[in-house]
Amino acid sequence: MQKKINLPLQEADLISLKAGDRVLLSGVVYTARDAAHKRMIEQEKEGIPFPINLTNQVLYYVGPTPGRPGEVIGSAGPTTSGRMDLYTPRLLEAGLKGMIGKGYRSEEVKKAMKTNKAIYFGAVGGAAALIARSIKSSEVVAYEDLGTEAIRKLTVENFPVFVINDIHGGDLYEEGVSEYKQ
């Protein structure tokens, strides 16, 4: 069974989700990859506020390709999340509640997720064209000069993800390895 969640994330959503849950997200997610993360943190150190309000928001680690004529967006598959780990704890402190990507997160990020009650969702790599069908609109909202790494506001409908790390310390990857070894 898949859970349907309307964004932005609410505390009740965060509490109810467990590692391994399949989820369909609807609402607004923001895109941000390596370059955008780095710039946000560097600018904050200079006293410049984040270009988006992160409170209860979800960041999708993606650098989408341009859409063909008549399409909102091109291919929009997840990128490896570990590349954002250096910056993630600070964004979680600023109110970020969800991230979408692929791959493992560092122990520091997992600790920060638990402390700040945030969720890490996985999206299926290799299904970028299929995932893009869930994206109903796309608008660059910051760092346009970064091209595909600009921050975009995406409106999504039934965007398919699964919970990798929940707010309770659950970790789908660790649980999977444990089950395999038994």
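What the table below lists for this structure:
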item: The chain: most fluctuating residue of Phe50, Phe159, Phe121 per GNM, C-alpha cutoff 10 Å; result: Phe50
item: Built amide H within the under 5 Å cut-off of Ile119, gap 5+; result: Gly98, Met99
item: Entries of Lys45/Lys97; Lys18/Lys136; Lys4/Lys117 with Cα pairs more than 24 Å apart; result: Lys18/Lys136
item: Sequence-distant aspartates and glutamates (8 or more away, or on other chains) whose Cα lies within less than 17 Å of Lys3; result: Glu11, Asp13, Asp21, Glu157, Asp166
item: Peptide ranges 68-78, 138-148, 96-106 listed from the most packed, as the mean C-beta count within 10 angstrom indicates; result: 96-106, 68-78, 138-148
item: Amide H contacts of Lys3 (H built 1.01 Å from N, under 5 Å, at least 5 apart or other chain); result: Arg22, Val23, Leu24
item: Kirkwood hydrodynamic radius of segment 2-181, from inverse mean 1/r over distinct Cα pairs, in Å; result: 16.2 Å
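Laboratory data are not the source of any read-out in this text; all were calculated from the coordinates shown. Everything quoted here is computed from the prediction, not taken from an experiment. Reconstructed Cβ throughout: ideal geometry from the backbone, glycine too, with neighbour counts over all protein chains shown.
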